[in-house]
Amino acid sequence: MQPNPILTKLGLSTSDRAVIIHADDIGMCHASLAAYSDLLNFGLISSASTMVPCAWFPATAAFCDENNSKVDMGVHITLTCEQVPYRWRPVSTCDPTSGLLDTAGYFHPSPDALQKSATQTAIQIEIQAQIERALNAGIDVTHIDAHQFAATHPRFFNDYLQAALKFRLPLFLLRQSAADLQKTAPGWLDEQKAAFFARYLHTLEEQGLPLFDHFYLLPLKTADNRLEHIKHLLATLPPGITYLIIHPAQDTAELRALTPDWQARVADYRAFVDPSMRTIFQNAGIHIIGWRVLRELARQAN
């Protein structure tokens, strides 16, 4: 695949490595917002996204308003709820016929369950409602991405894309070949769907939409060796633009009660306020960028 054209638009060479260090799930709980506040002050992370349907979204919006000059905040389009003791609902409807709700009246617990039940109209309305709620709360939304990647499923992809275009926002998508997309999302994209995405993404890139070459998600199944994970990633990272996703949260009783992966979230938080992490990135010669500059490039192209 050809070098990412966004690199030269950023003033970088095609051999450079640029990374967005992204904090996911902000506003899911108080612990996530508190962690984000500390990480923002520490200055290493370069973007975040908030879960509009969750209980701590209003506090997240207030925080963004108070720290507007430092915040790079997107909307983490949330169409599922994987937590067992802690649930959330759509912001646009409570109608069971929408297919967005499980039998208890909350979001479905998995993307598979959502895909089997949700109507196309309900998905479209819910995605736009979440973006509108964030904008109306005063957040200068820089992008959209997708919780559990549910909104990027081929059945919902066009609604996800059209919402981004309507609000003039970039969105998280990978510029990869069909074969590489299948490797990135095993069991999710078959050969036919991967080929569709590869053709579609080429067209979007020609239209000036910023796309990513690689993404890396610090594992939520283990809390071990965060610093070593990042050292290895940066040592082997090829040229291009990478989306590095973390799920930081402070260690609180609330967090421990609501999610079984709390230790990994705490590990992400502690790693990215560790001065050693800053040194790791500096020594690797990585260019840290945010979503805001990508949003402006996308808007200039259209």
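Of all residues in the range 260-302, exactly one satisfies the criterion of being polar (S, T, N, Q) and surrounded by 14 or more Cβ atoms within 10 Å (Cβ to Cβ), namely 263.
If only residues of the range 54-90 that are assigned to a loop (DSSP other than H, G, I, E, B) and among the acidic types (Asp, Glu) are counted, the one that is surrounded by the most Cβ atoms within 10 Å (Cβ to Cβ) is 72. Does residue 162 fit the bill of being at pLDDT 85 or above, surrounded by fewer than 21 Cβ atoms within 10 Å (Cβ to Cβ) and assigned to a helix (DSSP H, G or I)? Judged against the criteria, residue 162 is a match. Of the residues that make up the range 39-47, is at least one closer than 18 Å to residue 252 by Cα and not in a loop (DSSP other than H, G, I, E, B)? Yes, because at least one residue in the range 39-47 is closer than 18 Å to residue 252 by Cα and not in a loop (DSSP other than H, G, I, E, B). Selection within the range 246-259: residues that are surrounded by fewer than 21 Cβ atoms within 10 Å (Cβ to Cβ) and among the aliphatic types (A, V, I, L, M). The member of this set that is farthest from residue 213 (Cα to Cα) is 253. Taking the range 200-226 as the range and being crowded, with 16+ Cβ neighbours inside 10 Å and part of a helix (DSSP H, G or I) as the test, the residues that pass are 201, 204, 205, 226. Checking the structure you have, find out if any residue of the range 135-143 is without any contact (Cβ under 8 Å) to a residue 40 or more places away in the chain and either closer than 27 Å to residue 40 by Cα or of a type outside the set (A, V, I, L, M, F, W, C) (or both). Yes, the range 135-143 contains a residue that is without any contact (Cβ under 8 Å) to a residue 40 or more places away in the chain and either closer than 27 Å to residue 40 by Cα or of a type outside the set (A, V, I, L, M, F, W, C) (or both). Applying the criterion of being in a helix (DSSP H, G or I) and at pLDDT below 95 to the residues of the range 117-156, the residue that is farthest from residue 25 (Cα to Cα) is 120. Going through the range 93-146 one residue at a time, which ones are among the polar types (S, T, N, Q) and within 20 Å of the chain's Cα centre (by Cα)? Scanning the range 93-146 gives 110, 115, 124, 128, 130, 142.
Residue 113 falls short on exactly one of the conditions (1) surrounded by fewer than 17 Cβ atoms within 10 Å (Cβ to Cβ); (2) assigned to a helix (DSSP H, G or I); (3) in contact (Cβ under 8 Å) with a residue 40 or more places away in the chain; (4) not polar (S, T, N, Q), and that condition is (3).
One residue stands out among those in the range 93-110 that are small (Gly, Ala, Ser) and not in a helix (DSSP H, G or I): the one that is surrounded by the fewest Cβ atoms within 10 Å (Cβ to Cβ), which is 104.
The values are calculated or read from the model by the stated rules, or taken from the named source; none is laboratory data. Keep in mind the model is a prediction, meaning the values are calculated, not measured. Ideal geometry is used to build each Cβ from the backbone, glycine not excepted, and the neighbour counts take in all protein chains shown.
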